[in-house]
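Comments concern the structure below.
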Amino acid sequence: MGHIIILQVEGELQVGASSARPQTRCNQQGSRADMESAPALPLPRGFPPDEQYSPLHALCDKTIYNKEKTMAEILKDRSELDPQFQWDLTPMYESDAAWEAALESLDADIESLSAFAGKLSDAVTIGAYLDASTEVSRKVERLYCYASQRHDEDTRDNAAQSMYARVGSKYVKMVTALSFAQPEILSLPEDKLTAIVNDPAVAEYKFNLEDLLRSKPHTLTKAEEKLLASFGEVMSAPSEIYHNLEDADMVFDAVKNGEGETVEVTGSNFVPLEMSTDRTLRENAFHSYYKSYRQHINTFAASYSGAVKAAAAEAAARSYPSSRAMSMAGENVPVEVYDNLVATVRKHMPAMHRYVRLRKKMLGVDALHFYDVYAPLVGDLKKTYSYETAQQMVLKAVAPLGEDYQETVRKAYAERWIDVYPNRGKRGGAYSGGCYDSNPYILLNFSGTLDSVSTLAHEMGHTIHSWRSRQHQPPQYADYTLFVAEVASTVNENLLIEQLLQNENDPQTRLYLLNQYLENFKGTVYRQTMFAEFEREAHAMVERGEALNAAALNELYKRLVMDYFGEDMVIDEEIQYEWARIPHFYRPFYVYKYATGYSTAVALSEGILKEGEPAVKRYKEFLSMGGSAYPLDELRHAGVDLATPAPVDAALEKFERILDDAEATLAKLQ
């Protein structure tokens, strides 16, 4: 959707027709599917920002994707690497000196916005304000993106750190300067607002203003909004308590591996330990990890209960029927989409149980425990790929999307949109970044694995989505919402794996690829939907006046785990505490978007491969829509209607076909 309501200070969303989109994070610690580390995502209405969820995230269009494994080789300094494998930021600014000059001239632009205060009562003035705020937002965004990417090149660089900090201060100044506009506009009578929305003087911002008008019934008086904002730190306290407890106070017993060696267990290495081929290590780490959560479970329950109650209180204050309805209102998604997802996934639960049985069979264990969930089923492929080979693999994978799509990929390669290799101090993981007035950019830490190739395909999906949106939309509509953010990246990943499977006859390699595909479904559709069910029920319990204590939360989570994993999984006592380690729950009701996004991408990639040109045409039109319509309407244009169960149904039918293939391939190896 459009970006009038994007800026937020002390819980109040502010008016400013910015082209910025909040960054999203997907920290997976080696596994794409489970998405369990804390993301930084768009703030729900009125959710007060804290350090972790800084409004600065809104300034640089970054989609973070931490999939890369650390390279074993010794890293070089950036100056030692070939510049052809480093991004070229000169289209943004010729030099750091040019950036400094642009930053110095910014204050006057920001201060000029105050001239509109007290005057936003007619279409002509509102239109002029939106033009002016759009231009200032573009300048700040461009400055921020350059500084952010310079910082990410080498996070140890003092000059880049200074640039990053100083533009952050300018951002805060801009937000403060814009703070008068939304309450001023929304204070107008509804009939006058409706007339303004339809006035030709604001025609370029009509969708933005229509969306703003939607929020009027839920916007309080100026005094009430100020009072609610004053509770911002109080309402964010549960999240702060959770993160301090988990990140600073939790300690875990060291454990023995299968050879009797002592291994440290930490919050950051737990998932990698659970991915070990050493089952003794996995089991011991599992028990150590959840022992600490059990010891603190009442504190975790109290902090989560506080977060849920804060959301429920705000929803009531803003006249929403529920905290879920409030959270979903920002993207104009009805709660039925959420409920359809859960119901459809539950209908396909037998397929998930089949996958659990397949995992048990492939691991060759008598009893499958939760410390076996991350264990590799197929040994890592020994193949390595040069970056040049990876480029050609991605180019070939996206061939079904047409020559014009491939040409943009070639342009990205040739014009140095991509920062390829790791270097000392470089930010880890991968992301797609950039702003309206720059090329899209991709940060990689390419290591030559198949995961590295897949990451390039994934980030190229984000990049082409951003490129086409910016080419076809004005700045106020150029950036897409979180609801559709992972669609294009996942379409590319799926096209890559389908292309690889089509040409792979070796059963071992084929089984590896099929298992990766199945793990993506398991973690992104089934597991995220399980999380969504947990959230839905926890919030409903509070809204019904029921106690949300440790016993109730443990029981709820354990019941869901039993439903989703079935009888072939041993329900270890510790798994009932797993809800306490999921930071997503402190950002209510967005995890379902991972499942709907993945299902949408499966439906689209299947259509592209089977239907051909008509599906490709619809898809590329969708990629060009940016935020010019609500996300459900954009997806309908692409041919996917999430108001019905059909897309999720189709995705999980695809899961069953992949499962059939995996079972048949395994039979050939036995």
Point-charge dipole on Cβ atoms (K/R +1, D/E -1) for segment 428-497, about Cα centre, debye to 20: 160 debye
What translational diffusion coefficient, in µm²/s and rounded to a whole number, does the Stokes-Einstein relation yield for segment 115-247 at 10 °C and a viscosity of 1.306 mPa s, taking the hydrodynamic radius as the Kirkwood radius over Cα pairs? 90 µm²/s
Please name whichever of Met326, Val398, Val251 sits farthest to the positive end of the charge dipole of the chain, dipole taken about the Cα centre and charges placed at Cβ: Lys and Arg +1, Asp and Glu -1. Val398
Would you pull out the residues with amide H under 5 Å of Ile442's amide H, same chain only if 5 or more places away, H placed 1.01 Å from N? Ile418, Asp419, Gly433
Where a ≥ b ≥ c are the square roots of the eigenvalues of the C-alpha gyration tensor, would you call segment 567-607 rounded, which needs a/c under 1.5, or, failing that, prolate if a/b is larger than b/c, or oblate? oblate
For segment 252-313, alpha-carbon Rg relative to the globular expectation (2.2 N^0.38 Å, N residues): 1.46
Inter-part gap, Cα centre of segment 514-540 to Cα centre of segment 588-639, in whole angstrom, is 20 Å
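For the chain, which whole-number percentage of the solvent-accessible area (1.4 Å probe, protein heavy atoms only) is attributable to carbon and sulfur atoms?
With neighbouring chains kept in place, the figure for the chain is 52 percent.
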Using 1/(1 + (r/R0)^6) with R0 = 25 angstrom and r between the beta carbons of Asp641 and Glu567, what's the FRET efficiency to the nearest 0.05? 0.10
Per principal axis, largest first, the Cα atoms of segment 439-478 extend in Å by 38, 12, 11
Tell me, what HN-Hα J-couplings in whole Hz come from the Karplus equation 6.51 cos²θ - 1.76 cosθ + 1.60 at θ = phi - 60° for each residue of segment 96-102, using x for Gly and Pro? 4, 5, 5, 4, 4, 5, 5
Under 5 Å, built H, 5+ apart or other chain: amide partners of Val263: Val255, Lys256, Asn257
Give the angle, between 0 and 90 degrees and rounded to the nearest 10, that separates the Cα long axis of helix 450-472 from the longest principal axis of the Cα atoms of the chain. 20 degrees
Give me log10 I(q)/I(0) at q = 0.10, 0.15, 0.18 Å⁻¹ for segment 76-163, Debye formula, one equal scatterer per alpha-carbon, no solvent. -0.38, -0.68, -0.84
Would you work out if segment 556-627 is rounded, prolate or oblate? Take a ≥ b ≥ c from the square roots of the eigenvalues of the alpha-carbon gyration tensor; rounded if a/c is under 1.5, else prolate when a/b is larger than b/c, oblate otherwise. oblate
log10 of Debye I(q)/I(0), alpha-carbon scatterers only, for segment 194-296 at 0.12, 0.15, 0.18 Å⁻¹: -0.64, -0.74, -0.90
Bin by bin, in steps of 10 Å, what percent of the Cα pairs in segment 430-497 do you find, going until the bin that has the longest distance? 22, 50, 23, 5
Given a 1.4 Å probe, the accessible area of the chain per residue, as a whole number of Å², is 37 Å²
So what's the chain giving for Cα Rg divided by 2.2 N^0.38 Å, two decimals? 0.95
How big is D for segment 296-359, in µm² s⁻¹ as a whole number, if Stokes-Einstein is applied with the Kirkwood radius of its Cα pairs at 37 °C and 0.692 mPa s? 226 µm²/s
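Which shape class, rounded, prolate or oblate, goes with segment 508-639 when its Cα gyration tensor gives a ≥ b ≥ c as root eigenvalues, a/c under 1.5 marks rounded, and past that a/b bigger than b/c marks prolate? Don't skip to the end; give the middle numbers.
Details: a/c = 3.50, a/b = 1.56, b/c = 2.24.
Taking the square roots of the gyration eigenvalues as a ≥ b ≥ c, segment 508-639 is oblate.
Quick check for me: using +1 on Lys/Arg Cβ and -1 on Asp/Glu Cβ, what's the dipole size of segment 551-670 about its Cα centre, in debye to the nearest 20?
Working: 13 positive and 21 negative charges, 125 e Å.
Roughly 600 debye for segment 551-670.
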Taking every C-alpha to C-alpha distance in segment 476-560 and binning by 5 Å from 0, the per-bin percentages run 3, 11, 14, 14, 11, 11, 12, 10, 8, 4, 2, 0
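The values are calculated or read from the model by the stated rules, or taken from the named source; none is laboratory data. None of the values given here were measured: they were computed from a predicted structure. Positions of Cβ are generated from backbone atoms using ideal geometry, with glycine treated the same way; all protein chains shown enter the neighbour counts. Heads up: the accessible areas ignore ligands, DNA and RNA and are worked out on the full protein's heavy atoms, side chains in. Shrake-Rupley method; radii C 1.70, N 1.55, O 1.52, S 1.80 Å.
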